[in-house]
Structures are given as structure tokens and as C-alpha cells.
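J.: Once you've had a glance at the structure underneath, I'll fire off some questions.
The values are calculated or read from the model by the stated rules, or taken from the named source; none is laboratory data. Quantities reported herein were computed from a predicted structural model and do not represent experimental measurements. As a convention, Cβ positions derive from the backbone with ideal geometry for all residues, glycine included, and neighbour counts pool all protein chains shown. These accessible areas exclude ligands, DNA and RNA; they are computed on the full protein's heavy atoms, side chains included. Shrake-Rupley method; radii C 1.70, N 1.55, O 1.52, S 1.80 Å.
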Amino acid sequence: MAGKGKPDGLQVSQDLEFQRKEWLVGRLGWIVLGILLILGLLGVFGGSGLLSTTTTGDPSQGFWITYDRFLRNLAPTTLTLFIEPGRIEGNTFNIHFPQDYIGEFEIQSIEPEPERVTVTSNGQQYTFNVQNPTGPIAIRFYLKAEKIGAYRSDVVFNGNQTLTIRQFSYP
């Protein structure tokens, strides 16, 4: 029995406008989490994935580089340079890295070891000696990024062929 001044049942105040906004924020949150998950699986945040490793250069040109596009600060990474034997004059060849790139990394090791390393006014030049290679020569630089942010560098082979590397290092 309800009196004239009292409504029947339980009284719950509703704010439908607030609820709609809350539902929208919730949906957007799920969308953002889904996008981050997909990007992580693709390798955008480091590690392995379809977008994590890239190649610059062209094997038909005789010089190309494979490297990790996305790095983690202070985590190891590998930069691999490939050279076709037909591109080498004599038994030696040079690889030059600008100082603004190579100075941002700690070089863990280089395989094979260069015959000579020369510090130039604008970077470091690595000289390698080869004897009768039968296929593409692979030079691996094992590096550790020491800076957070974007890297861009031109790697020069024998002073006449330049390839550009673009990387990003996360914290």
C-alpha cells in the first residue's frame, strides 16, 4: 500500500548520462588494450615479430643489412651486414659507421673480428680481410643500445655504397 506522497519499491537514483560516458571510456580502454596487444605481437615493442626485424639494401646490389628495428635500452641486439664476394676488390673491404651512431652503442663483439679499426674524424672504420669466400660474407655486430629514442645512421661500404639504418630504442 503506497501512500500518496511515497512511491512504491526501492528507490535507486540513476545518472544515465554518466553511465553512457563510463561505457564509452570502458570500450575505448578495451580497444586501446587490444591495439597494444596486437602491436606487441607484431614486435613493435622489441623482441620478435613481423615488424621487429628489417633489411636495408638489396642482395642484387651486393650489400645489405639486417637489424632489429625496435630495441630495448641496454638489451643486446645484432646488426648483420652481408657482402657478396663480387663487391670486394682484393682481399679487404671497409665498413664505416658515423660517430653519432656507433657512439650510442656498446659494442659487445664483432664476428669475424676486423683486421683493423680506425677512428676517423667522423666515426669508426672497420677493415676486414677475406680469403676466397664462397658465398655472401656475414659480418655481425653484437651491440647494446645505451640511449632511449630514435637512431638514424648511414653505414658506408668501401666508401662508395651507403645504406641507411633506422631504429628506435625503448626504455
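J.: Restricting attention to region 52-138, which GluC sites (Glu not before Pro) occupy a DSSP loop and are surrounded by at most 13 other Cβ atoms within 10 Å?
T.: Here the GluC sites (Glu not before Pro) that fit, given the DSSP loop and packing criteria, are Glu89, Glu115.
J.: Quick check: the angle from helix 16-42's long axis to the longest principal axis of the chain, C-alpha only, nearest 10 degrees?
T.: Around 20 degrees separate the two axes.
J.: Relative contact order of region 21-65: what whole-number percent is it, with Cα pairs under 8 angstrom and at least 6 residues apart?
T.: The normalised contact order for region 21-65 reaches 17 percent.
J.: Now, a different point. With every protein chain left in place, what is the accessible area per residue of the chain in square angstrom, probe 1.4 Å?
T.: 64
J.: If I compute solvent accessible area with a 1.4 Å probe over the protein chains, what percent of it on region 24-171 is carbon and sulfur?
T.: 55
J.: For the chain, what does the helix formula give at 222 nm: sum of -39500 (n - 2.57) over DSSP H segments with n ≥ 4, over the residue count, nearest 500 deg cm²/dmol?
T.: -6000 deg cm²/dmol
J.: Could you report the accessible area of Thr53 in Å², rounded to 10, computed with a 1.4 Å probe on the protein chains as they sit in the structure?
T.: 80
J.: Taking θ = phi - 60°, what integer Hz values does the Karplus form 6.51 cos²θ - 1.76 cosθ + 1.60 yield along region 136-141, in sequence order, with x for Gly and Pro?
T.: Coupling constants for region 136-141: x, 8, 10, 10, 10, 9 Hz.
J.: Hey, of (i) 59, 16, 12; (ii) 43, 17, 15; (iii) 24, 20, 16, which did the structure itself give for semi-axes √(5λ) of the Cα gyration tensor in Å when calculated?
T.: Answer by label: (i).
J.: Pick from Leu81, Leu50, Leu143: which residue has the top mean-square fluctuation in a GNM of the chain where Cα pairs under 10 Å get a spring?
T.: Leu50
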